[in-house]
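Novice: Dumping the structure here so I can ask a few things about it.
The values are calculated or read from the model by the stated rules, or taken from the named source; none is laboratory data. Worth saying up front: this structure is predicted, and the values here are computed from it rather than measured. Glycine gets a Cβ as well: all are built from the backbone with ideal geometry, and neighbour counts include every protein chain shown.
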Amino acid sequence: MRDVPRPSDRPAETPQAPGRTPHTAPPGPLRCPGAEDQPSEASAPPARRPARKADVALRVERCLPDGFLAEALRADARAGLSATPKVLPPKWFYDECGSELFEKITRLDEYYPTRAERSILRAAAGQIAAAARAETLVELGAGAADKTRLLLDAMAAEGTLASFVPVDVSEAALIEAARRVDGEYPGLAVTAVVSDFEEHLGLPSASGARLVAFLGGTIGNLLPGQRAAFLASLRSRLRPGDSFLLGTDLVKDPAVLVAAYDDAAGVTAAFNKNILSVLNAALGADFDPDAFEHVALWDARQEWIEMRLRSLQDQIVTVPAIDLVVPFAEGEEMRTEVSAKFRSAGVAAELAAAGFSMTEWWTDDRGRFGLSLSVPA
Ligand SMILES: C[S@@+](CC[C@H](N)C(=O)[O-])C[C@H]1O[C@@H](n2cnc3c(N)ncnc32)[C@H](O)[C@@H]1O
C-alpha cells in the first residue's frame, strides 16, 4: 500500500458539486431485531489487522441534493402503489434493519452467491489487482464491504492501493462498513459516498487508475433497460486505465435459486417485508407486515427471480405523506425485487453494448457465480 496522507490532512479528491457535502459524523453500531443472532464475519474482531485509528474522522460525502432520496422514495411509492400490478424498487429495502437482514441472508446455507463470489475473489484477487493496477477501489452498493477486504489486500500487496470509496444508498450501513475498513487499513484514505448509483456514481476524479467493483449480483436487481443505462453511464465516466469488476449470479437449477430467496428460517421473508416498515417509517403508512406473505418465484422466460408480497386479505393501506389510499385484494401480489441471473455470453454482450471490453471471466468451482473484469473498449 502506498503511504498516503490521511483524508483529513489533504484536499478533497472530488470537486464539491452542489449537494455533495462532506461530513465526519459516523453513527454508532446498527441494531435490528432478529438480525443479530449469528456472529457476523464483518463484525468479528479483525485477525492480523491493527487497531482502529481512533483519532481520525472518516470522510463522508453526500452526492445528492438534500432531500433527494426522500423525494425519490415518495415518487417511487406514489407510482408503484398506483400501478397495476403494484411494484416497489428494491433499493428501498436497505434501511438499517434491511441492511442487517441482508447481511444475515448472506450467511444462510441456502444463499450461495456470497460464498461463491468470495471463493472467486480468494482465487482471483491477485490477478485482478495485477491487471487493474489501481490506486483507488470504488465499490458501488458496497453494503458491509466484507468480501472487499480480499480486493483491498490484493491491491495493497500489489503496491498500488491508496484509497477506498464505498458508495451506497444505505447511509448507516455504509458508514459502519467504511469505519471498519478505515480502522483496519492504516494509510488507506477511505471516503464513504452516500448516493444512489443510478443517479450519481460517486467516482472520485483524482488522477490515477480506478477499479470500480460492483459485487453481490446487485446489477441483477436492475431491469434490462436500467442495466443498460447504468452501464452506459458508468462507461461514460471511466477513463483509459480504469477497470470494472462485475459480480453476476448465473442461471442454474430453479430449485436452488428459489431456495436462495425463500430460506427455511424466513430471513428473506423478513427482509422482503421490511420494505413495508420502511414505507411506514418514512411515509407514515400503516402497512401491517403480518397481512402479507413473502413470495419468491423463478421466471424462466426472463431468467430472473422475482420477490413479491402477497396480500393475505382484502385491505386498505393509507400512505399519508403522499396522500394515497391503496386497496389490496386478497391474493394480490406486489413485486418488490427482480434478481436477474446471467450467462457469460449475455454479460459480455451487455458490457460490450455499453462500450466495455471483457478481459477476464471467472466462475466458482461449481459454476454458480460469475465475476468479470472489463476495461473501456
Ligand atoms: C445485494 S446488496 C450487496 C451488498 C454487497 N455488495 C455484497 O456483495 O454483499 C445491495 C447493496 O446495494 C445497495 N444499493 C441498492 N441499490 C442501490 C442504489 N440504487 N444506489 C446505491 N446503493 C444501492 C444496498 O443498499 C445494498 O447495500
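Novice: I need every pair where a residue in the range 85-109 that is within 25 Å of residue 71 (Cα to Cα) has its Cβ under 7 Å from the Cβ of a residue that is among the basic types (Lys, Arg) and more than 8 Å from the ligand (Cβ to nearest atom), sequence separation at least 6 or different chains.
Specialist: 85/335; 87/335
Novice: Hey, another quick one. Name the one entry in 77, 134 that is touching a Lys or Arg at 6+ places or on another chain (Cβ under 8 Å), crowded, with 19+ Cβ neighbours inside 10 Å and modelled with pLDDT of 95 or more. Walk me through it before giving the result.
Specialist: Values: 77 fails: touching a Lys or Arg at 6+ places or on another chain (Cβ under 8 Å).
Just one listed residue meets the conditions, 134.
Novice: Please indicate, with yes or no, whether at least one residue in the range 279-289 is farther than 19 Å from residue 95 by Cβ, at pLDDT 95 or above and over 21 Å from the mean Cα position of the chain (by Cα).
Specialist: So the first thing to find is which residues in the range 279-289 are farther than 19 Å from residue 95 by Cβ, and the list is none.
Looking through the range 279-289, none of the residues is farther than 19 Å from residue 95 by Cβ, at pLDDT 95 or above and over 21 Å from the mean Cα position of the chain (by Cα).
Novice: Yes or no: residue 205 more than 14 Å from the ligand (Cβ to nearest atom), over 14 Å from the mean Cα position of the chain (by Cα), among the polar types (S, T, N, Q) and at pLDDT below 95? Steps first, answer last, please.
Specialist: Details: more than 14 Å from the ligand (Cβ to nearest atom): yes; over 14 Å from the mean Cα position of the chain (by Cα): yes; among the polar types (S, T, N, Q): yes; at pLDDT below 95: yes.
So residue 205 passes the test.
Novice: A further question follows. Where in the range 315-369 are there strands (runs of 3 or more DSSP E), lying fully within it, with 2 or more residues that are farther than 30 Å from residue 116 by Cβ?
Specialist: Working: elements: 315-319, 324-328, 333-340, 356-363.
By residue number, 315-319, 324-328.
Novice: Hey, any hits in the range 301-311 for a residue that's out of contact with any strand residue (DSSP E or B) (no Cβ under 6 Å at 6 or more places or on another chain) and surrounded by 20 or more Cβ atoms within 10 Å (Cβ to Cβ)?
Specialist: Residues of the range 301-311 out of contact with any strand residue (DSSP E or B) (no Cβ under 6 Å at 6 or more places or on another chain): 301-303.
If we keep only those that are surrounded by 20 or more Cβ atoms within 10 Å (Cβ to Cβ) too, we end up with none.
No, because not a single residue in the range 301-311 is out of contact with any strand residue (DSSP E or B) (no Cβ under 6 Å at 6 or more places or on another chain) and surrounded by 20 or more Cβ atoms within 10 Å (Cβ to Cβ).
Novice: Oh, and also: Mind listing whichever residues of the range 292-314 are aliphatic (A, V, I, L, M) and part of a strand (DSSP E or B)? Full working, then the answer.
Specialist: Narrowing the range 292-314 to residues aliphatic (A, V, I, L, M): 295-297, 300, 305, 307, 309, 312.
Result: 295, 296, 297, 305, 307, 309.
Novice: Still on this structure, I have one more. Among 368, 343, which is among the charged types (D, E, K, R), touching a helix residue (DSSP H, G or I) at 6+ places or on another chain (Cβ under 9 Å) and touching a residue at least 12 places away in the same chain (Cβ under 8 Å)? Give the derivation first.
Specialist: Numbers: 343 fails: touching a helix residue (DSSP H, G or I) at 6+ places or on another chain (Cβ under 9 Å).
The unique qualifying residue is 368.
Novice: Which count do you get for residues in the range 198-250 that are in a loop (DSSP other than H, G, I, E, B) and either of a type outside the set (A, V, I, L, M) or in contact with a helix residue (DSSP H, G or I) (Cβ under 8 Å, 6 or more places away or on another chain) (or both)? Show your work before the answer.
Specialist: Of the residues in the range 198-250, the ones in a loop (DSSP other than H, G, I, E, B) are 198-209, 215-217, 222-223, 238-242.
Restricting the remaining residues to those that are either of a type outside the set (A, V, I, L, M) or in contact with a helix residue (DSSP H, G or I) (Cβ under 8 Å, 6 or more places away or on another chain) (or both) gives 198-205, 207-209, 215-217, 222, 239-242.
Count: 19.
Novice: Scanning for something closer than 24 Å to residue 152 by Cβ, more than 14 Å from the ligand (Cβ to nearest atom) and in contact (Cβ under 8 Å) with a residue 24 or more places away in the chain, does the range 211-232 turn up at least one residue?
Specialist: yes
Novice: Condition check: farther than 17 Å from residue 178 by Cβ and modelled with pLDDT of 95 or more. Does residue 100 satisfy that? Step through it out loud before you land on a result.
Specialist: Details: farther than 17 Å from residue 178 by Cβ: no; modelled with pLDDT of 95 or more: yes.
The answer is no for residue 100.
Novice: Mind telling me which of the residues 289, 320 ends up being farther than 30 Å from residue 252 by Cα, surrounded by fewer than 15 Cβ atoms within 10 Å (Cβ to Cβ) and not aromatic (Phe, Trp, Tyr)?
Specialist: 320
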